[in-house]
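Below you'll find the structure, written out as structure tokens, and then a few comments.
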Amino acid sequence: MPSIVAKNVSLIFPILGSDKKLANKIPDASNYKRNRVGGNINIMENGKQFVTAIDDVSFNFNDGDRVGLYGHNGAGKSTLLRILSGVYNPTSGELNVQGKITSMFNLNLGINREASGLENIYFKGLIYGFKKEKIDLVLQGIIEFSELDDYIYLPVKTYSSGMIMRLMFAIATSFEPDIMLLDEWITAGDLAFRKKVDDRMSQMVETTKIVVVASHEKDRLRDWANKFITMKSGCIVNIEKL
Amino acid sequence: MKILLGTFDFRPRTALNDLFLGLKKWRLCINWAKHDLIIRYKRSWIGIGWVILAFSSFLIAKILIFSFLTEEPLVYFSVYLALGFLIFRFIQSIIVDGCNIFVMAEGWIKSESMPFSIYAYRMILRNFTVFIYSCFPVFLMCIYYNNLEIISFLSLGAALFFLLVNATWVSLFLGIICTRYRDAMHLVSTFMSIMYFLTPVLWVPSDLGKIGDIAIYNPFTHFIAIIREPILTGQIPFVSWGVVLIITLVGLLVSLLSLSLFRSRIVFWI
């Protein structure tokens, strides 16, 4: 059964290639939560710099959870999603994720711009561990949902950002994952497509056990989610059941 | 606020798993390597045929010039140079490209959780394909030289296998080091240009007398010898095989060790 269990998870980034004399510019860096965006900046005595992107968070996600991650820019939403997907390993704490994951983080990452839309569908399918025959089965559905028609044969670099979003959203939702992670899926796309995205998101709950969406569109997120998490400076401020 | 960065996790099982999970995704690796080559030769009319053309013309130019500097017979020296150049080029491309495997895949590493070995396998398959294409003119020369016995084919298979295993550890190891320390990749490519002249590819050690003897301390000499000697002389170079086996073992260990220590930190360094 798919589940995500996080216990006191923290993520502390090293900052490489930044100003060596940073300590002189922000002598007060150790003052906790003085910044309005981002996590805490730590400067060690030897000059090494770190950012606490995720600060001691704990939660349980289970079958049927539609989790909305809400917070300002730099609150740690995207970083937390990446931890759940396995891109980042927590620097401390325990994380246990059970289930097949698909994700959609950034329109510019995780896509082959030189390859056609069609090739990208196969490519993503291979990444998720499917064979060609299985990918063939979901192919038509992806092309149909994304409404890309003949453009599916052209290189992705010829697409507009809205078209890339359509393709990536269709791919992320079509491989029947147990867990789906979406970062800011709502913002791109025209009105008609937004409606389609909303419908698909409601449908996803039947096949996908856990869906986690990060966004700063509070109202839309609250309409959809049944678990609402508010984040600030890398910490979870509040977990609500809706 | 606790900062636990002084302590590194040590996870040998995760590292070993990474290597095998990457192999399990061989379809993805092949597809990716193929795609890389298609991009490289995009809109070119001759396409990957350029590999054969470029390699053959290099070879002809080198044989024309360097055959004057050796006392060996022309046909022998031509095959000697062709084989040496072929293998050294392959090793060089693996080592130089190996430095970049993670840096070049930044977007993928930050968006999909995949075994890190996939980036190594992808790069090795790409360069191995180029190697196979470059074999074509060398193969013709070997047929003309007419000294191909069963034993040389058998040892050729084993030697290629060991080349690929070494390619895996060297690219993972250099990939990690060069992602953290960006000077390393420049150092490595400079080092490899120097090694090209210090490795017996363009020259035969016996021609150089005592200076030529230094070649046995160069590991690349032995990696070339395990393929070149059986084809040229029909003999298996046991000393070279010994050196290659030791380097393979030590290299695999060092590379697994660095993957065990730093696997989870690579993403922070790109």
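Charge dipole (Cα centre; +1 on Lys/Arg Cβ, -1 on Asp/Glu Cβ; no other charges) of chain B amounts to roughly 1220 debye. Of the residues B:Phe139, A:Phe105, B:Phe68, ranked by 1.4 Å probe accessible area with the largest first, the sequence reads B:Phe68, B:Phe139, A:Phe105.
Computed in the context of the full set of protein chains, the accessible area of the protein assembly as shown at 1.4 Å probe radius has 61% of its extent on carbon or sulfur. Be a star and scan the stretch B:184-215 for residues whose amide nitrogen sits under 15 Å from the point 7 Å along the Cα-to-Cβ vector of B:Leu69. Answer for the stretch B:184-215: B:194-209, B:211-212. Which listed residue (B:Ile132, B:Tyr80, A:Ile101) has the Cα farthest towards the positive end of the charge dipole for the protein assembly as shown, taking +1 on Lys and Arg C-beta and -1 on Asp and Glu C-beta about the Cα centre? Towards the positive end, the residue furthest out is A:Ile101. Remark on A:Cys235: its backbone amide H falls under 5 Å from those of A:Asp55, a criterion applied only to residues 5 or more positions apart or on other chains, H modelled at 1.01 Å from N. Taking all protein chains as they are arranged and a probe of 1.4 Å, the heavy atoms of A:Phe13 leave approximately 40 Å² accessible to solvent.
Only one residue of B:Gln92, B:Pro12, B:Phe55 has its Cα farthest out toward the positive end of the dipole of the stretch B:1-107, where Lys and Arg carry +1 and Asp and Glu -1 on Cβ, and that residue is B:Pro12.
Here the Karplus curve 6.51 cos²θ - 1.76 cosθ + 1.60, taken at θ = phi - 60°, turns the phi angles of the stretch A:78-86 into couplings of 5, 4, 5, 4, 5, 5, 4, 7, x Hz, with x standing for Gly and Pro. Rounded to the nearest 500, the helix-only mean residue ellipticity at 222 nm of the protein assembly as shown stands at -17500 deg cm²/dmol, with each DSSP H run of n ≥ 4 adding -39,500 (n - 2.57).
Counting Lys and Arg as +1 and Asp and Glu as -1, what is the net charge of the other residues whose Cβ lies under 10 Å from the Cβ of A:Ile101? Spell out each step's value before the answer.
On the way: positive: A:Lys100; negative: A:Asp178, B:Glu112.
It works out to a net charge of -1.
Accessible surface for the protein assembly as shown, divided over its residues, is 49 Å² per residue with a 1.4 Å probe.
Expressed as an acute angle from 0 to 90° and rounded to the nearest 10, what is the orientation of the C-alpha long axis of helix B:150-180 relative to the principal long axis of chain B? Result, in degrees: 40.
Listed by chain and number, the lysines whose alpha-carbon sits under 29 Å from that of A:Lys48, ignoring those within fewer than 8 places in the same chain, are A:Lys7, A:Lys20, A:Lys21, A:Lys25, A:Lys33, A:Lys77, A:Lys232, B:Lys2, B:Lys110. Computed from the C-alpha gyration tensor, the three semi-axes of the ellipsoid equivalent to the stretch A:1-133 are 33, 21, 13 Å, from longest to shortest.
For the peptide A:123-130, the mean number of other protein chain Cβ atoms found within 10 angstrom of a residue's Cβ is 4. Measuring with a 1.4 angstrom probe and ignoring ligands and nucleic acids, B:Ile236 comes out at about 40 Å² accessible. For a paramagnetic label modelled on B:Trp26 (point 7 Å from Cα along Cα→Cβ), amide N atoms under 20 Å away belong, within the stretch B:100-132, to B:115-132.
For the protein assembly as shown, the Cys residues with no second cysteine's beta carbon closer than 4.7 Å are A:Cys235, B:Cys29, B:Cys135, B:Cys142. Applying the Karplus relation 6.51 cos²θ - 1.76 cosθ + 1.60 with θ = phi - 60° to the stretch A:39-50 yields 3J(HN,Hα) values of x, 5, 9, 10, 10, 7, 4, 7, x, 5, 10, 9 Hz, where x marks Gly and Pro. Interface of A with B. Using a 1.4 Å probe and counting protein heavy atoms only, the two chains hide about 2800 Å² of accessible surface, both sides summed.
How high is the FRET efficiency between B:Leu198 and B:Phe10 when r is their beta carbon distance and R₀ equals 41 Å, given to the nearest 0.05?
Numbers: r = 36 Å, r/R0 = 0.89.
For B:Leu198 and B:Phe10, the calculated efficiency is 0.65.
In the complete set of protein chains, residue-level accessible area for B:Arg126 is approximately 40 Å², probe 1.4 angstrom.
For the stretch B:40-57 and the stretch A:146-168, write down the distance between their C-alpha centroids in whole Å. Here the two parts' Cα centres lie 31 Å apart. Compute the helix-to-body angle for A:191-207: its Cα long axis versus the longest principal axis of chain A, expressed 0 to 90° and rounded to tens. It is inclined by approximately 90 degrees. The calculated FRET efficiency for A:Asp136 paired with A:Asp19, based on their beta-carbon distance and R0 = 56 Å, is about 0.60. For the set A:Met180, B:Met185, solvent exposure ranked by accessible area (probe 1.4 Å, protein chains only) runs largest to smallest as B:Met185, A:Met180.
Could you work out the relative contact order of chain B, using alpha carbon pairs under 8 angstrom and six or more residues apart, expressed as a whole percent? Could you put the intermediate results ahead of the total?
On the way: 279 pairs, mean separation 84.8, N = 270.
Once divided by the residue count of chain B, the mean separation gives 31 percent.
Relative to one another, the C-alpha centroids of the stretch B:191-211 and the stretch A:114-143 are positioned 49 Å apart.
Each Lys and Arg Cβ is given +1 and each Asp and Glu Cβ -1; about its Cα centre, the stretch A:1-133 then shows a dipole of about 280 debye. Would you mind estimating how fast the protein assembly as shown diffuses translationally, via Stokes-Einstein at 20 °C and 1.002 mPa s with the Kirkwood radius over Cα pairs, in µm²/s? Roughly 83 µm²/s, to the nearest whole number.
Could you please put A:Lys195, A:Lys124 in sequence from largest to smallest accessible area, using a 1.4 Å probe? Can you show the working numbers first?
Values: A:Lys195 120, A:Lys124 15 Å².
Most to least solvent-accessible, the answer reads A:Lys195, A:Lys124.
Projecting the Cα atoms of B:Ile236, B:Ile270, B:Leu252 onto the charge dipole of the stretch B:152-270, computed from C-beta unit charges around the Cα centre, puts B:Ile270 farthest toward the positive end.
Treating only the Cβ of Lys, Arg, Asp and Glu as charged (+1, +1, -1, -1), what charge dipole size does chain A show about its Cα centre? Round to the nearest 20 debye. Numbers along the way, then the final one.
On the way: 30 positive and 28 negative charges, 162 e Å.
The dipole magnitude comes to about 780 debye.
Other residues within the sphere of radius under 14 Å centred on the Cβ of B:Leu156, judged by their own Cβ, net out at -1 (K and R +1, D and E -1). Within the protein assembly as shown, antiparallel bridges make up roughly 55 percent of the DSSP beta bridges whose residues both belong there.
So what's chain A giving for Cα Rg divided by 2.2 N^0.38 Å, two decimals?
Working: Rg = 19.3 Å, N = 242, 2.2 N^0.38 = 17.7 Å.
It is 1.09.
Rounded to the nearest 10 degrees, the angle from helix A:117-127 to the longest Cα principal axis of chain A is 60 degrees. Counting charges near A:Gly129 (Lys, Arg +1; Asp, Glu -1) among other residues having Cβ under 14 Å from its Cβ returns a value of +4. Taking label points 7 Å from Cα along the Cα-to-Cβ direction, A:Glu206 and B:Tyr181 give a separation of 5.8 nm.
The values are calculated or read from the model by the stated rules, or taken from the named source; none is laboratory data. Every value quoted in this text rests on a predicted model; they were computed, and no experiment measured them. For neighbour counting, all protein chains shown are included, and Cβ atoms are generated from backbone atoms with ideal geometry for every residue, glycine included. Heavy atoms of the whole protein, side chains included, go into the accessibility calculation; ligands, DNA and RNA do not. Shrake-Rupley method; radii C 1.70, N 1.55, O 1.52, S 1.80 Å.
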